[in-house]
Amino acid sequence: MPTPTAVLCGLGTSLPDRSVTNDQLIHDNNLDSDPRWILERTGIQARRMADTHTSTGDLASAAGTAALHSAAEQAGPTITPDIVLLATTTPDHRCPATAPAVAHRIGLGGVPALDLSAACAGFVYALTCAKALITAGIYTHPLIIGAETYTTTLIDPHDRDTAILFGDGAAAALLRPGTDDEPGALLTSTLGSDGARAEFAHVPAGGSRLPFPAPTAAPRDHYLRMNGSAVFTQAVRRMTASALHTLAQTGWTTNDVEAYISHQANQRIINAVADRLQIPQPRRHGNLRQLGNTAAASIPLAIADAADTRSVKPGARTLLTGFGAGLAWGAHTMLFPDARPHSQPPRTHHEDTP
Ligand code: UT7
């Protein structure tokens, strides 16, 4: 019997209600910026922002539940996840991981559940790990979730280098065993990291290197600090190289790519990678303009958006690329899923507690 591959069979999303335009963001935080500059230099017009009562786990639980509804619509309510992987850089607590609470809130009993930290590359990392669990026969139905609340945790609202870029949200994908010729099939992936360039995007304090608050930590050291242009250059280089490697391993040329979905950080980064790969404009899909950079949630949110609008047809040869702090990056080929995404508003912890 051939080794099964992983097939994406359910998609769920959850977004905070509040949409904040560039104008509002600049006004509310007294930022030295300009709405047109932000739109032209990043492609971002608005972003969703969580309130301080909404956690990453609240968004993740709602997106995970929505993904189960999406899968049930297609395959019947028989699919129960047997492991939860939560890709996030903004967990609810330093300890414990957020995934066990999310699994509990979704009603998954005692399944194994873990957080995976690879910043904006988190979802591509999680896809690769989840697929490996299926092909090795260890688990059959991983639920993978990308969820973030950067704006309430890691972003200094007065730092124009980062405040203009990030938004909050979550999206989830349910996987099942299947064959590599069906819609949703996960094909090949390449992952990489470069810790020598960790300081290009990092949070100086709050970990064991420099606990926060501490006498040696400066007041804003618990916020993300980013060298934007250095990250930009690395993002283009690494995503292009990993995409070419993954395409070669899949046996596709760049001409074969019918849909390209990148991590949504900056439209100029996405276009630079797609131009190098010679993927034409109509094959590039994303939702950066309305959602900004949602880190680990950005790729699954963009997949869900393309599935919802039917702008990518089920079975289309799809290339995903991710890049983020670490540095960490990855690329994945897949056949676009045939799943109708479901969406749920974030649920507060109290709503889930009897
Ligand atoms: O999610 C993964 C991690 N993050 C990323 O992938 C983000 C990658 N980096 C970027 O998206 C871009 O580097 C930024 C959007 C952060 C910055 O854009 P840039 O085109 O690289 O700007 P820059 O830093 O090269 O600055 C160009 C000019 C400068 O002015 P002068 O020296 O030309 O007069 C800056 O002072 O733009 C100015 N500038 C701004 N102006 C208005 C920089 N940031 C802003 C701003 N508003 N927010």
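The values are calculated or read from the model by the stated rules, or taken from the named source; none is laboratory data. The shown structure was predicted, so the numbers you read here are calculated from the model rather than taken from an experiment. FYI the Cβ positions are ideal-geometry reconstructions off the backbone, even for glycines, and counts take in every protein chain you see. Ligands, DNA and RNA are excluded from the accessible area calculation, which covers all protein heavy atoms including side chains. Shrake-Rupley method; radii C 1.70, N 1.55, O 1.52, S 1.80 Å.
The table below gives the values:
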| item | result |
| --- | --- |
| Condition broken by residue 235, with the remaining ones in (1) buried (at least 18 other Cβ atoms within 10 Å of the Cβ); (2) more than 16 Å from the ligand (Cβ to nearest atom); (3) modelled with pLDDT of 95 or more satisfied | (2) |
| Extreme residue, nearest to residue 34 (Cα to Cα), among residues of segment 138-195 that are of a type in the set (Ser, Thr, Tyr) and part of a loop (DSSP other than H, G, I, E, B) | 149 |
| Residues located in segment 188-216, provided they are closer than 24 Å to residue 161 by Cα, open to solvent by less than 30 Å² (accessible area, probe 1.4 Å) and within 20 Å of the chain's Cα centre (by Cα) | 194, 201 |
| Segments classed as helices (runs of 4 or more DSSP H), wholly inside segment 1-103, with at least 3 members that are open to solvent by 40 Å² or more (accessible area, probe 1.4 Å) and without any contact (Cβ under 8 Å) to a residue 40 or more places away in the chain | 22-29, 35-42 |
| Among (1) modelled with pLDDT of 95 or more; (2) assigned to a loop (DSSP other than H, G, I, E, B) - the single one residue 212 does not satisfy | (1) |
| Qualifying residue in segment 68-78 (condition: among the hydroxyl-bearing types (Ser, Thr, Tyr) and either within 13 Å of the ligand (Cβ to nearest atom) or at pLDDT 95 or above (or both)) | yes |
